[in-house]
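First the structure, in the form of structure tokens, and then the observations on it.
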Amino acid sequence: MPLRFTTAGESHGPALVSLLEGMPAGVPLLADDVNTELARRQQGYGRGRRMQIETDRIEFLSGVRAGETLGSPISMLVRNSDWKNWMEIMDPAPREADTDGLRKRHVTRVRPGHADLTGLLKYDRSDARDILERASARETTARVAAGAICKVLLREVGVRIGSHLVHLGGIDAARPDVLPEDLNAASDASPLRTLDAQAEARMIERIDAAKKEGNTLGGICEVVVTGLPVGLGSHVSWDTRIDGRLGQAMLSIPAVKGVEVGLGFETARRTGAEVHDEIEAAPGRTRAGHVRRRTNRAGGTEGGMTTGEELVIRVAMKPISTLMRPLGTVDMATGQAAQAVAERSDVTAVPAMGVIAESMAAFVLANALLEKFGGDSLPETQRNLNAYLARLDERVDR
Ligand code: EPS
């Protein structure tokens, strides 16, 4: 894997860390390129109070100098403003025993659907805070930071990633046949990141009602990538297939339960003639190999490789598992039936999930790009890509 990233940090600890290795030198990079993406992730109607406390911003700790990447590991720090309210609870120093005050804050009434219970059993802990602090979707801040840099690399080679929300809590948004040229400019203008204003109004009512009920809502976002060259990923082995790699990345996002590429599950219901995209010559479409699919039901991949058509992925998120009107559970301290803990949370975070899905897609695609074209500097990567594109051009000139 030419590109790797890892994250560290607890939700109410001092900070989050994002470490990205393998980015070529010479990629123009400003803190603002990352901060803009972090701010996008913090948006969305239905978020809780925590998003008013935090204004996520990175500090580069390494890997960037004078506005360009150096080719060395890029590390970024995002401080948690809320930490000051959690310093005693999150203190790493050893303590003899928890005070009564601290013990009262133990999480033992584990939430159905959350990592609380399984994590507590697996890691042999008595306070589920030891699990939930890391299971928290706060971690996705650090993913978006790494993904933002991958997006810059992709932008430099003509690839753009956007997303929009297509479903929330039982309400579908209409998807326009032709998406706006700048997808994110259009979707970010909506409080739910959807392109259907009528559906948006109904979704907002649905969120308000769920909030009153102490309930939560899930939904679906669509990620769209344009400008990809044909041939990222490979058919040759299970773990080189681009759709498999995208699927893994998407399913690793907290609360994501399903991923579709193109028509996805619908392909299973149709005949072959209704599924496969007919191919026609299209001189000038270099990145697709001078052909066009008349339709794009495949969603931009065939044989585990990008086709050069738009990549279209749909990502489904379940409702958040912290309900203000809690579900029944077992208190793991006493073994008695109980109501689950109701920690402050969001009614829905589906709009934010779209931004996280973009970031994960950016990482997978940047990785596949560097795998195919390599390069220790951005100009070298670009030269290698251009040589490949020139070869695709030669094939039509024959
Ligand atoms: C989260 C619970 C809430 C969310 C949080 C994810 O945080 P808190 O417990 O501090 O109120 O706001 O999301 C973020 C902090 C974030 O940055 O997205 C959870 O339990 O997963």
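Derivation of every value follows stated rules applied to the coordinates shown; laboratory data play no part. Please read all numbers here as calculations on a predicted model, not as lab measurements. In this analysis, Cβ positions are derived from the backbone assuming ideal geometry, glycine residues included, and neighbour counts consider all displayed protein chains.
Oblate is the label for the stretch 53-208, because a/c, from the alpha-carbon gyration tensor with a ≥ b ≥ c as root eigenvalues, is 1.5 or above and a/b does not exceed b/c.
Dividing the alpha-carbon Rg of the chain by 2.2 N^0.38 Å yields what?
1.05
Overall size of the stretch 280-350 from C-alpha positions, given as principal axis extents largest first: 70, 23, 16 Å.
Computed from Cα positions, the angle between helix 378-397 and the longest principal axis of the chain comes to roughly 40 degrees.
The value of relative contact order for the stretch 4-393, using C-alpha pairs under 8 Å at least six residues apart, is 22 percent.
Full extension of the chain between residue 386 and residue 66 gives 112.5 nm of extra length, using 0.36 nm per residue less the Cα-Cα distance. Multiplying the residue separation of residue 189 and residue 280 by 0.36 nm and removing their Cα-Cα distance gives an extension gain of 29.1 nm. Here each label is just a point 7 Å from Cα along the line to Cβ, and for residue 126 and residue 59 those points are 3.7 nm apart.
Find which of 27, 174, 388 sits farthest along the positive direction of the dipole of the chain, computed with +1 on the beta-carbon of Lys and Arg, -1 on that of Asp and Glu, about the Cα centre. About the Cα centre, the residue reaching furthest to the positive side is 174.
A Förster radius of 35 Å combined with the Cβ-Cβ distance from residue 156 to residue 52 puts the calculated FRET efficiency at roughly 0.50. Could you point to the residue in 187, 275, 46 farthest towards the positive end of the chain's charge dipole, with +1 and -1 charges on the Cβ of Lys/Arg and Asp/Glu respectively? Farthest towards the positive pole: 46.
Label zone of residue 240 (point 7 Å out along Cα→Cβ, amide N under 18 Å): in the stretch 357-379 this covers 364-375. Between residue 295 and residue 182, what FRET efficiency comes out of the Förster formula 1/(1 + (r/R0)^6) with R0 = 22 Å and r the beta carbon distance, rounded to 0.05? Efficiency for this residue pair is about 0.40. Distance between the 7 Å Cα→Cβ label points at residue 327 and residue 6: 3.3 nm.
The modelled label-to-label distance for the pair residue 33/residue 334, using points 7 Å beyond Cα in the direction of Cβ, is 5.5 nm. What is the angle, in °, between the Cα long axis of helix 350-373 and the longest principal axis of the Cα atoms in the chain? Nearest 10 is fine, range 0 to 90. Between helix and principal axis, roughly 50 degrees.
The stretch 174-213 and the stretch 1-78 have their alpha-carbon centroids 27 Å apart.
Over the chain, dividing the summed -39,500 (n - 2.57) contributions of all DSSP H runs of at least 4 residues by the number of residues returns a 222 nm mean residue ellipticity of -10500 deg cm²/dmol.
Work out the FRET efficiency for residue 344 and residue 393 from their Cβ-Cβ distance, taking R0 = 35 Å, and round it to the nearest 0.05.
0.05
Expressed in Å, the radius of gyration and Dmax of the Cα atoms of the stretch 117-170 are 17.6, 50.
Temperature 20 °C, viscosity 1.002 mPa s: under these conditions the Stokes-Einstein estimate for the stretch 123-246, based on its Kirkwood radius over C-alpha pairs, is 121 µm² per second. From least to most packed, judged by other beta carbons within 10 angstrom and beginning with the fewest, 19, 327 follow the order 327, 19.
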